[in-house]
Amino acid sequence: MKTVNKNAIAGESLSPYKGSPILDIITEKQLRTCVHCGLCLSFCPTYKATGLEMDSPRGRIYQIRGLASGEISADDPDLRKHLDLCLGCRACETACPSGVPYGSLLEAARAQLEPNSKTERAIRKVTLGFLFMRPWAMHSAGFGLRLYQKGGVQKAVHATKLLNVLPGKLDEKEKMLPDAQGGIRKQKFDEIIPAKGATKARVAFLTGCIQDELFRGTNADTINVLTRNGCQVLMPKNQACCGALHSHTGDIEHARELARRNIMAFEQTGADFYIVNASGCGSAMKDYAHLLHSDAAYAERAKKFVAKVRDLSEILVEVGFVPPKGRLKARVTYQDACHMRHGQKIFEQPRKLIKQIPGVEFVEMKESDWCCGSAGIYNVVQPEMANEVLGWKTANIRQTNADIVVASNPGCAIQISYGLREDGQKAEVLHLAELLERAYKAGE
Ligand code: SF4
Ligand code: SF4
């Protein structure tokens, strides 16, 4: 690894991290928390796969400290390789007895790194800097994809076998695309949707960006489940992408801008709670106070915002869940999305809800809290490691003999569905809201 110890060159005797731009995002105390005990190593998927210390949480923290002190240069190819291979699953955070905020360290380090190539820079600019920043652009892209899938274009393309001959393994990549729910045009939601029966809470709902374009059916089920449980649902105008992908790739400035937009949009609703049904978005929104800690105008507002954010499973337990009356005769297992289990520490609530569905036999999956390999866009940029990790997951699902796998994150649902298809398994993958709504409808 290249070494450039700027503080040593300057004869600096103070902290080796003094002046590092990393300290704009995390504190020096957070950077120093790791005591190298190694208790996290056996929970790290990439360490399991490669056996290399530098692909373990402890090894990566060592490298991040080197980057912060200037001992390791930001363009060091080894540093890049080991940080890029990290799933960002944060399993190490849950395992760590010292409370190392690994996810924040990783995001702060990634913010210091330039894109690997001109192509990556261009892709980031188009997606993170443009598409995810402008709702109209995301709506247009979503419409284009639905037109491709539902308007007969996809069938025609498959008939020509064009994807098999074009470079870039497009046929393989297309297999990973989810089937957009609904028709070409999106189902519209009212701005205020009343609770069924007495109102227990007024909640503002994040429809999400990808979720809103591809999983409108899941959003509709979420709204129905909320109203059945006494929640009046409000749709914040001008809500934005949560900024999770931006944070994970180190694009902190865009992540902060999106956080400010959402704080403004959700505050205007006057709701009691802000509800999210995608774990990656929920985790990102619960991190807004950390993200905006140095923004004088938003730091306090961000803290108040975070105190109101709830995952769907959390709010249902909190308001007093009304179990469905319908029976679902199915063996059901649950995949803990990383940003649910490790990012938000939500574990019991979804299981508690599933177990209350009449007829359901709940079966726990081995390593249910291990990443499925989706990890944002990881399965696209690191397909080999993503497939290895996915292979462990599908093997564990097979062992459960489940009819239904519940995964409360669109990325996990897409990845696991793809893995099951490739593995020839028949289990259905559902969001928690879809499972609950199916049970409610069965009782009507
Ligand atoms: S985030 Fe996941 S892949 Fe990365 S070091 Fe931690 S456990 Fe390993
Ligand atoms: S991250 Fe935590 S568990 Fe892992 S080596 Fe450091 S202190 Fe130990």
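The table below gives the values:
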item: Any hit, segment 324-335, residues being free of Cβ contacts under 8 Å to residues at least 60 places away in the same chain and either in the same structural domain as residue 229 (by TED's automatic domain parsing) or crowded, with 21+ Cβ neighbours inside 10 Å (or both); result: no
item: Top-ranked residue in segment 27-46 [being of a type in the set (Val, Ile, Thr) and in a loop (DSSP other than H, G, I, E, B); ranked as nearest to ligand 1 (Cβ to nearest atom)]; result: 33
item: Hits in segment 336-353 (condition: in contact (Cβ under 8 Å) with a residue 40 or more places away in the chain and either in contact with a Leu (Cβ under 7 Å, 6 or more places away or on another chain) or not aliphatic (A, V, I, L, M) (or both)); result: 338, 339, 341, 342, 343, 344, 345, 350, 353
item: Boolean, residue 294 is polar (S, T, N, Q), closer than 30 Å to residue 434 by Cβ and in contact (Cβ under 8 Å) with a residue 60 or more places away in the chain; result: no
item: Residue satisfying condition, being surrounded by 18 or more Cβ atoms within 10 Å (Cβ to Cβ), farther than 29 Å from residue 115 by Cα and out of contact with any Gly (no Cβ under 6 Å at 6 or more places or on another chain), within set 399, 382, 349; result: 349
item: Within segment 93-107, considering residues that are hydroxyl-bearing (Ser, Thr, Tyr) and either surrounded by fewer than 22 Cβ atoms within 10 Å (Cβ to Cβ) or in the same structural domain as residue 250 (by TED's automatic domain parsing) (or both), the one nearest to ligand 2 (Cβ to nearest atom); result: 98
item: Scope segment 93-123; condition acidic (Asp, Glu) and within 13 Å of ligand 1 (Cβ to nearest atom); matching residues; result: 93, 107
item: Residue list for segment 403-440, restricted to those being outside any loop (DSSP other than H, G, I, E, B), surrounded by fewer than 22 Cβ atoms within 10 Å (Cβ to Cβ) and out of contact with any helix residue (DSSP H, G or I) (no Cβ under 9 Å at 6 or more places or on another chain); result: 417
item: Segment 217-244: number of residues that are among the charged types (D, E, K, R) and surrounded by fewer than 23 Cβ atoms within 10 Å (Cβ to Cβ); result: 2
item: Count of segment 233-281 residues which are closer than 25 Å to residue 412 by Cβ, among the small types (Gly, Ala, Ser) and in contact with a Lys or Arg (Cβ under 8 Å, 6 or more places away or on another chain); result: 3
item: Single residue of segment 47-92 satisfying the filter (more than 11 Å from ligand 1 (Cβ to nearest atom) and farther than 23 Å from residue 15 by Cα) that is surrounded by the most Cβ atoms within 10 Å (Cβ to Cβ); result: 80
item: Cβ pairs under 9 Å, 6+ apart, first in segment 390-403 and without any contact (Cβ under 8 Å) to a residue 60 or more places away in the chain, second surrounded by 19 or more Cβ atoms within 10 Å (Cβ to Cβ) and among the β-branched types (Val, Ile, Thr); result: 390/416; 393/416; 394/416; 396/333
item: Enumeration of residues in segment 404-444 that are in contact with a Leu (Cβ under 8 Å, 6 or more places away or on another chain), of a type outside the set (A, V, I, L, M) and touching a residue at least 60 places away in the same chain (Cβ under 8 Å); result: 408, 410, 415, 418, 438
item: Filter pass, residue 265 being in the same structural domain as residue 233 (by TED's automatic domain parsing), within 16 Å of ligand 1 (Cβ to nearest atom), hydrophobic (A, V, I, L, M, F, W, C) and assigned to a helix (DSSP H, G or I); result: no
item: Pairs, first within 11 Å of residue 30 (Cα to Cα) in segment 93-108, second near ligand 1 (Cβ under 9 Å from one of its atoms) and among the polar types (S, T, N, Q), C-beta under 7 Å, six or more apart; result: none
item: Any chance residue 375 is closer than 19 Å to residue 49 by Cα, under 16 Å from the mean Cα position of the chain (by Cα) and not assigned by TED's automatic domain parsing to the domain that holds residue 199; result: yes
item: Those residues of segment 352-364 which are of a type outside the set (S, T, N, Q) and surrounded by fewer than 19 Cβ atoms within 10 Å (Cβ to Cβ), in sequence order; result: 352, 355, 358, 359, 361, 362, 363, 364
item: Index of the failed condition, residue 73 passing every other in (1) in a loop (DSSP other than H, G, I, E, B); (2) over 20 Å from residue 246 (Cα atoms); (3) among the small types (Gly, Ala, Ser); (4) within 15 Å of ligand 2 (Cβ to nearest atom); result: (4)
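The values are calculated or read from the model by the stated rules, or taken from the named source; none is laboratory data. All values derive from a computational prediction rather than experimental measurement. We place every Cβ from the backbone using ideal geometry, glycine too, and count neighbours over all the protein chains shown.
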